[in-house]
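Note sheet for the following structure.
Please treat every number below as a calculation from the coordinates, not as lab data. None of the values given here were measured: they were computed from a predicted structure. Don't worry about glycine lacking a Cβ; one is built from the backbone with ideal geometry, like all the others, and counts go over all protein chains shown.
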Amino acid sequence: MKYLIFALAFSASAWADEPSQERQQELRNKLEHDCGSCHGLTLKGGLGPSLLPEALANKTDDFLVQTILKGRAGTAMPPWEAFITEKEALWLVQKLLKKK
Ligand code: HEC
């Protein structure tokens, strides 16, 4: 019983770090369809700039997360905070940077 509680607590903390598998799939779809409509289907750039790892390499995670959540005033980049949490934006950034 003690071990079961430990296992549950452990998996709950692992969950807290990342969106659920289902949500990860939704975020991947969003990246392709919503983000891809401006950044290109393969994220190489279009109306919006390239989001490939090379293009983002010298920018901080926090700066990129804030860009996704708040958008960029005066540009076509819209804010996504109504649809994506900060944790999810960080997951997306790490995915874009291929850290995940
Ligand atoms: C309507 C078009 C549009 C959509 C949709 C869009 N973006 Fe953007 N995005 C832009 C533009 C334009 C910029 C460049 C802003 C600038 O000039 O600083 C940008 C910039 C960015 C940057 C910063 C890149 C850098 O080099 O600093 C990130 C990260 C980003 N977008 C992620 C996303 C993500 C993730 C999504 C989907 C959730 C998304 N964008 C959807 C137009 C868009």
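Taking the stretch 56-83 as the range and being in contact with a helix residue (DSSP H, G or I) (Cβ under 7 Å, 6 or more places away or on another chain), closer than 18 Å to Gln24 by Cα and not charged (D, E, K, R) as the test, the residues that pass are Val65, Ile68, Leu69, Trp80. Residue count for the stretch 80-96 under the criterion of being more than 10 Å from the ligand (Cβ to nearest atom) and either surrounded by 12 or more Cβ atoms within 10 Å (Cβ to Cβ) or closer than 18 Å to Ser37 by Cα (or both): the result is 7. Can you say whether Lys44 is away from the ligand (no atom under 11 Å from the Cβ) and assigned to a helix (DSSP H, G or I), as far as the supplied structure shows? Considered against the rule, which asks whether it is away from the ligand (no atom under 11 Å from the Cβ) and assigned to a helix (DSSP H, G or I), Lys44 comes out as no. Counting only residues that are touching a Gly at 6+ places or on another chain (Cβ under 9 Å) and in a loop (DSSP other than H, G, I, E, B), the stretch 24-41 holds 1 of them. Here Phe63 meets the list (1) under 11 Å from Leu96 (Cβ atoms); (2) free of Cβ contacts under 8 Å to residues at least 12 places away in the same chain; (3) hydrophobic (A, V, I, L, M, F, W, C) almost entirely, failing just condition (1). Scanning the stretch 54-71 for residues that are within 7 Å of the ligand (Cβ to nearest atom) and either assigned to a loop (DSSP other than H, G, I, E, B) or among the aliphatic types (A, V, I, L, M) (or both) yields Ala55, Leu56, Lys59, Leu64, Ile68.
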